[in-house]
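A.B. asks: Below you will find the structure I want to go over with you.
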Amino acid sequence: MHDNPVYDGLGVPTVVNAAGTKTRIGGSRMRSAAVKAMVEAAKDFVRLSDLQAAASERIADVTGAEAGYVTNGAAGGLLLATAACIAGGDPAVMARLPDTGDRPNEIVMPRTHRTGYDHALRTAGAEIVDIGTNDRALGTGARDVERWEYRSAFGADTAAVAHVYKAYQGPPLQEVCELAHEQGLPVIVDAAAEVPPADNLAWFTEQGADVVVFSGGKGIRGPQTTGMLAGRADLVESVALQHLDMHAADAVWDPPAPLIDSGAIDGVPRQGIGRPLKVGREEIVGLLAALEAFLDEDEEALTTSWHRRIERIADDLEAVRGLSTAIHDADRSVAPVAEISVDAEAAGIDAVGVVRRLRREDPRVFVGADAVSEGTFTINPMCLTDEEATYVSDRIEAVVDGDR
Ligand SMILES: *Cc1c(COP(=O)(O)O)cnc(C)c1O
């Protein structure tokens, strides 16, 4: 299927990705404009702070935020955003993190927004205070979190509010921002996987978010290790101070305004908590090039191609004995997905068996397996070519038929 000298030379099987933009199998296919920009960037030196200042302007343009920054993934962006909300412009606190001392370090968020990515917030020194209940998921109530639960959680130790945005999950972001702003608290939004649509680049800032993070390696299709942060200028300045390499001699320290106002700081900060999350010049320009290409893309044509691809796969698989298919519109992900149910008796193999076999092939075939123990798997068209889509349905059919 794939002839790839790099992976072949290492003896590593490639993956046909029918699972969507999953980091563990490589995220997305980088746009060629991004690859080209990275190659050019590698040829010359540039001051990283100058490059981040230019990126800041461009990210501000497309998001409507005051400033922007290229981070090490959306997860790296969450860590930096948290560090900025805790340390503000104080170099002594920056130097001490993740030890927050007597600085406010609590981050309030709904219990239903807790994910494994919380680790990024806690790594910066935050303590998460989660509020509300899981009633809606369990069918025991209609709401996850009430306004009074935010208000009663806010106190002298609160540093920020965090919100993991999903269109199908409340509470309304604008309402959360109003509640937080009443107390002068910033709101950090995790919108890692929320583009496309391109309109979402500005939407979170419009709702009142103070910092928003997006993944650069998902729908934007930039370098895998990149993310994009958009937010208030003072918070982005704190991010830059805690991320950029800082062992400059005071006398020649001359960071670019408006990204960093050196006059407002008493001396040069040290390398901050963000230093292990290095972003190279290649990644910065790669992300910016991918962002331009993403904005130029014909969104309607892209969506139509996803629909066509997923319908074709569903048609092919519907004809396989033991399999039934349903197409779910883009409600839980940015693309429509086909859900395949496996009738283990008729198929002669259960869903777990199908998924495991596909993953052991060469090339490996990855389908979505979040509900595999309930007898279903999913196919996401975002990271498939048309040729790969045909290959995926052929392999599924072969695995099922071969076992009967
Ligand atoms: C993917 C994802 C992240 C992490 O994004 P990276 O760019 O891989 O660091 C964080 N939060 C959510 C909700 C995500 O889907």
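We did not get these values from a lab; they are worked out from the coordinates using the rules stated. Just so you know, these numbers come straight off a predicted model, no measurement behind them. Virtual Cβ from ideal backbone geometry, glycine too; neighbours counted across all protein chains shown.
A.B. asks: For Phe45, Phe214, Phe294, Phe377, what's the fewest-to-most ordering of other Cβ within 10 Å of each Cβ?
C.D. replies: Ascending number of Cβ neighbours within 10 Å: Phe45, Phe294, Phe377, Phe214.
A.B. asks: Can I ask one more? Could you quote the convex hull projected area for the chain, Cα atoms only and averaged over all directions, in nm²?
C.D. replies: 21.5
A.B. asks: Do you know the Lys pair count in the chain for C-alpha distances under 20 Å, with sequence separation 8 or more or different chains?
C.D. replies: 6
A.B. asks: How large is the charge dipole for the chain, taken about the Cα centre, if only the Cβ atoms of Lys, Arg (+1) and Asp, Glu (-1) carry charge, to the nearest 20 debye?
C.D. replies: Computed about the Cα centre, the dipole is about 960 debye.
A.B. asks: Round to the nearest 0.05 the FRET efficiency obtained for Ala371 and Arg58 when R0 = 45 Å and r is the Cβ-Cβ distance.
C.D. replies: 0.70
A.B. asks: Taking the simple approach of a point 7 Å from Cα along Cα-to-Cβ for both Ile128 and Gln174, what is their distance in nm?
C.D. replies: 2.8
A.B. asks: In whole Hz and in residue order, list the ³J(HN,Hα) couplings for the range 56-64 that follow from phi through the Karplus curve 6.51 cos²θ - 1.76 cosθ + 1.60, θ = phi - 60°; x for Gly and Pro.
C.D. replies: For the range 56-64, the Karplus curve yields 4, 4, 5, 5, 4, 4, 7, 10, x Hz.
A.B. asks: Same structure, new question: Determine the percent antiparallel among the DSSP beta bridges restricted to the chain, to the nearest 5.
C.D. replies: Looking only at bridges with both residues in the chain, the antiparallel portion is about 55 percent.
A.B. asks: Can you put Cys85, Cys383 in order of Cβ neighbours within 10 angstrom, beginning with the fewest?
C.D. replies: Cys383, Cys85
A.B. asks: With a cut-off of 8 Å between alpha carbons and a minimum separation of six or more residues, what is the relative contact order of the range 143-221 in percent?
C.D. replies: This gives 29 percent for the range 143-221.
A.B. asks: Out of all DSSP beta bridges in the range 91-174, what portion is antiparallel? Express it as a percent rounded to 5.
C.D. replies: In the range 91-174, DSSP labels about 10 percent of beta bridges as antiparallel.
A.B. asks: Here's another thing I want to ask about it. Need one word for the range 82-219: rounded, prolate or oblate. Basis is the Cα gyration tensor (sqrt eigenvalues a ≥ b ≥ c); a/c below 1.5 gives rounded, then a/b vs b/c decides.
C.D. replies: oblate
A.B. asks: Hey, could you pull the Cα Rg and Dmax for the range 143-272, both in Å?
C.D. replies: That works out to 17.3, 56 Å for Rg and Dmax.
A.B. asks: Could you order the peptides 150-163, 94-107 from most to least packed, using the average number of other C-beta atoms within 10 Å per residue?
C.D. replies: Top of the packing list down: 150-163, 94-107.
A.B. asks: Still on this structure: Along the positive direction of the dipole of the chain (beta-carbon charges: Lys, Arg +1; Asp, Glu -1; about the Cα centre), which of Thr158, Phe366, Asn134 reaches farthest?
C.D. replies: Going by the charge dipole, the pick is Phe366.
A.B. asks: Would you please classify the overall shape of the range 189-237 from the alpha carbon gyration tensor, given that a ≥ b ≥ c denote the square roots of the eigenvalues, rounded means a/c under 1.5, and beyond that prolate means a/b larger than b/c while oblate covers the rest?
C.D. replies: oblate
A.B. asks: Please get the size of the charge dipole for the range 267-393, origin at its Cα centre, with Cβ charges of +1 on Lys and Arg and -1 on Asp and Glu, quoted in debye to the nearest 20.
C.D. replies: In debye, rounded to 20, the range 267-393 gives about 940.
A.B. asks: Let me spell out the model: positive unit charges on the Cβ of Lys and Arg, negative unit charges on the Cβ of Asp and Glu, origin at the Cα centre of the range 60-210. What dipole size does that give, in debye rounded to 20?
C.D. replies: 360
A.B. asks: Could you put His243, His119, His307 in order, starting from the residue whose Cβ has the fewest other Cβ atoms within 10 Å?
C.D. replies: In increasing order of surrounding Cβ atoms, one gets His119, His307, His243.
A.B. asks: Quick one: divide the alpha-carbon radius of gyration of the range 22-96 by 2.2 N^0.38 Å and tell me what you get.
C.D. replies: Output field value: 1.35.
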